[in-house]
Amino acid sequence: MSNQKFQLKPLPYAYSALEPYIDTMTMEIHHGRHVKTYVDNLNGLLESHPEFQSWSLEQIVTNLDKLPESIRTGVRNNAGGVLNHDLFFAHLTPNAGKTPVGKLAEAITETFGSFDEFKVQFKKAALGRFGSGWAWLALTNDKKLVITSTPNQDNVLAEGLQPIILIDVWEHAYYLKYQNKRADYVDQYFNVIDWEKANQVYSDLV
Ligand code: MN
């Protein structure tokens, strides 16, 4: 199709690569169907508003007030959906080191007291998000690390924060393997975080 400005970004690893922490079928459906749907919806919404097709996802989610009201909510949900998942999948790796590295490791210890305490607080944010959404480790304008969560497909960029790591807590992210046990999914997520990548992102921002 023409005018398909936004694309489903291929995963940087196989669907099975995050086993046993995140199962193959969840990854296939999550990436191949859920994210694909956000991409298709976003392209569909912008078909009649081609002036926004050249915008980046980051520009869109930080300038929602500039969009026509008729498409604003749809674009918010679907552009956020594409951006959040691109970030989420890019920040996971089958070769995870399991602990933070570099400057980010130092900043996590300084901010939260220890990595263990960070995990406690991050998990609390992930479990405390009622319904669907995301939990984040993010950076403020004055370069402080904060843990926060957002509803639906909202991205912390819209709140003036920079994402460092994020976890999808929509049920589609974990239900096939973990059912109602979001806490177990969060515990296992810590096994697949790409801390090298997170440290690069952090180091480029501070
Ligand atoms: Mn998702």
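Of note:
- Between Gly102, Gly97, the distinction of being closer than 30 Å to Leu145 by Cα, away from the ligand (no atom under 16 Å from the Cβ) and at pLDDT below 95 belongs to Gly97 only.
- Filtering region 179-201 to residues that are open to solvent by 20 Å² or more (accessible area, probe 1.4 Å) and of a type in the set (Ser, Thr, Tyr) leaves nothing.
- Only one of Leu145, Leu139 that is touching a helix residue (DSSP H, G or I) at 6+ places or on another chain (Cβ under 9 Å), more than 26 Å from Pro12 (Cα to Cα) and open to solvent by less than 20 Å² (accessible area, probe 1.4 Å): Leu145
- Yes/no for Thr109 being away from the ligand (no atom under 16 Å from the Cβ), closer than 21 Å to Gln162 by Cα and either part of a helix (DSSP H, G or I) or touching a Lys or Arg at 6+ places or on another chain (Cβ under 8 Å) (or both): yes
- Residues that are part of a loop (DSSP other than H, G, I, E, B), polar (S, T, N, Q) and within 16 Å of the ligand (Cβ to nearest atom), drawn from region 21-50: none
- All positions within region 59-86 that are more than 15 Å from Ala158 (Cα to Cα) and in contact (Cβ under 8 Å) with a residue 40 or more places away in the chain: His85, Asp86
- Condition check for Pro151 on (1) more than 13 Å from the chain's Cα centre (by Cα); (2) without any contact (Cβ under 8 Å) to a residue 60 or more places away in the chain; (3) loosely packed, with under 15 Cβ neighbours inside 10 Å: one failure, at (1).
- Scanning region 106-136 for residues that are buried (at least 17 other Cβ atoms within 10 Å of the Cβ) and of a type in the set (Gly, Ala, Ser) yields Ala107, Ala125, Ala126, Gly133, Ala135.
- Contact map, region 1-20: residues that are surrounded by 15 or more Cβ atoms within 10 Å (Cβ to Cβ) and in a loop (DSSP other than H, G, I, E, B) paired with residues that are among the charged types (D, E, K, R) and at pLDDT 95 or above, Cβ distance under 6 Å, separation 6+ or inter-chain. Pairs shown: Leu8/Lys36; Tyr15/Glu28.
- Conditions (1) within 20 Å of Lys124 (Cα to Cα); (2) surrounded by fewer than 18 Cβ atoms within 10 Å (Cβ to Cβ); (3) among the aliphatic types (A, V, I, L, M): number failed by Leu176: (1)
- Only one of the listed residues (Lys177, Lys181, Lys144) is within 16 Å of the ligand (Cβ to nearest atom), more than 15 Å from His85 (Cα to Cα) and modelled with pLDDT of 95 or more. That residue is Lys177.
- Residue match in region 37-50 (condition: under 21 Å from Trp136 (Cα atoms) and surrounded by 14 or more Cβ atoms within 10 Å (Cβ to Cβ)): yes
- If you go through region 51-70 and keep only what is open to solvent by 80 Å² or more (accessible area, probe 1.4 Å) and touching a helix residue (DSSP H, G or I) at 6+ places or on another chain (Cβ under 7 Å), you end up with just Glu58.
- Among the residues of region 67-94, the ones that are among the aliphatic types (A, V, I, L, M) and within 16 Å of the ligand (Cβ to nearest atom) come to 6 in all.
- Taken over region 87-123, the residue count meeting the criterion of being of a type in the set (A, V, I, L, M) and under 22 Å from Asp154 (Cβ atoms) is 3.
The values are calculated or read from the model by the stated rules, or taken from the named source; none is laboratory data. Since we're looking at a predicted model, the values are computed, not measured. Virtual Cβ from ideal backbone geometry, glycine too; neighbours counted across all protein chains shown. Each accessible area value is taken on the protein alone, full model and side chains, heavy atoms only, with ligands, DNA and RNA left out. Shrake-Rupley method; radii C 1.70, N 1.55, O 1.52, S 1.80 Å.
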